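Structure first, commentary second.
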Amino acid sequence: MSLAYVILGLLQQQEMTGYDLKTSCFDQCIAHLWPADQAQIYRTLDKLVEQGWITCTIEIQHDRPNRKVYSVTEPGKAEFAQWLETYQPLPTVREPLLIQLHFADQLSNEAIIHLLEQQMATRSKKLAECEIIDLPSLSDESANREQVMQRLVLELVIRREQTYIDWLKIALNVITHQKPYPSHYQIL
């Protein structure tokens, strides 16, 4: 999947500027799903305009710089609808920590524990951020269809982070109780 489809989906909900996309959407609503920086967003907006999938209207402002407001075109809506119905293969997962652990027999237990604790802090922070996202529960019958879809996605993200945290606790317990290797085998 590319950033283009995320932007198309967001612009179908509402016309926005690149700045609005970054601050209101990527930073607040979907950071737990698909992070993007300002430069990536603006490059993608330019490409989408070139493809004819979105248009850009300039709003003149007298006391501030002019605003570029983006909206989805009919071909953009059609492309997005087609993408929504397309099966997405499993993503390529790259987990730097797992590669580090694969070769961590060269490290001291303390160094491994430090890596695991850093990951635990990061994952715990992300979990806490996800848990405060204000969406109705799946059992809330007053939730609209958009809220139900967003809650389903959020539930998976929360469960994924909790599962990772649970695994980190197991890994920390194993390493904490593992007999240290002789120092001549250790790098750190």
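Throughout, read-outs are computed from the coordinates displayed, never taken from laboratory work. Note that the structure is a prediction, hence the values are computed from the model and not measured. Note: ideal-geometry Cβ built from the backbone for every residue, glycine included; neighbour counts use all protein chains shown.
At most 13 other Cβ atoms within 10 Å plus a DSSP loop assignment makes a site exposed; report the longest stretch of the chain without any exposed chymotrypsin sites (Phe, Trp or Tyr not before Pro).
Answer - 1-86.
From the Cα gyration tensor of segment 3-84, with a ≥ b ≥ c the square roots of its eigenvalues, which class applies: rounded if a/c is under 1.5, or else prolate if a/b is larger than b/c, or else oblate?
Numbers: a/c = 1.92, a/b = 1.19, b/c = 1.62.
Verdict is oblate for segment 3-84.
Can you put Glu141, Glu155 in order, fewest other beta carbons within 10 Å first?
On the way: Glu141 5, Glu155 14.
Lowest to highest Cβ neighbour count: Glu141, Glu155.
Ordered by residue, what ³J(HN,Hα) values in Hz, to whole numbers, does segment 94-103 give under the Karplus form 6.51 cos²θ - 1.76 cosθ + 1.60, where θ = phi - 60° and Gly and Pro are x?
10, 10, x, 4, 5, 5, 4, 5, 4, 9
Identify the trypsin sites (Lys or Arg not before Pro) of segment 23-105 meeting these criteria: DSSP loop state and at most 13 other C-beta atoms within 10 Å of the C-beta. Mind dumping the intermediate values first?
Values: sites: Arg43, Lys47, Arg67, Lys68, Lys77, Arg94; in loops: Arg94.
Here the trypsin sites (Lys or Arg not before Pro) that fit, given the DSSP loop and packing criteria, are Arg94.
Under 8 Å for C-alpha pairs, at least 6 residues apart: give me the relative contact order for the chain, rounded to a whole percent.
Computed value for the chain: 20 percent relative contact order.
What value does segment 46-146 have for Rg/Rh, both radii from Cα atoms and Rh as Kirkwood defines it?
On the way: Rg = 23.0 Å, Rh = 19.6 Å.
So for segment 46-146, dividing Rg by the Kirkwood Rh gives 1.17.
Multiplying the sequence separation of Arg159 and Ser71 by 0.36 nm and subtracting their Cα-Cα distance, what value in nm do you get?
28.3 nm
Read phi for every residue in segment 134-140 and hand back ³J(HN,Hα) as whole Hz from Karplus 6.51 cos²θ - 1.76 cosθ + 1.60, θ = phi - 60°, with x for Gly and Pro.
With the stated coefficients, segment 134-140 comes to 8, 9, x, 5, 5, 8, 6 Hz.
Enumerate lysine pairs in the chain that are 8 or more residues apart or on different chains, then count those whose Cα atoms are under 22 Å apart.
Eligible lysine pairs with Cα atoms under 22 Å apart amount to 11.
Could you estimate the translational diffusion coefficient of the chain from the Stokes-Einstein equation, with Rh from the Kirkwood formula over C-alpha pairs, at 37 °C and 0.692 mPa s, in whole µm²/s?
It diffuses with D of about 164 µm²/s by this estimate.
Could you state the orientation-averaged shadow area of the convex hull built on the Cα atoms of segment 96-185, in nm² to one decimal? Intermediate values should be presented prior to the final figure.
Numbers: hull surface 27.3 nm².
It is 6.8 nm².
Across segment 147-163, in residue order, what do the Karplus-derived ³J(HN,Hα) couplings come to in whole Hz, using 6.51 cos²θ - 1.76 cosθ + 1.60 with θ = phi - 60° and x for Gly and Pro?
5, 5, 4, 5, 5, 4, 5, 4, 4, 5, 4, 4, 5, 4, 5, 5, 5
Any chance you could check the Cα centroid distance between segment 72-142 and segment 1-60 for me, in angstrom?
20
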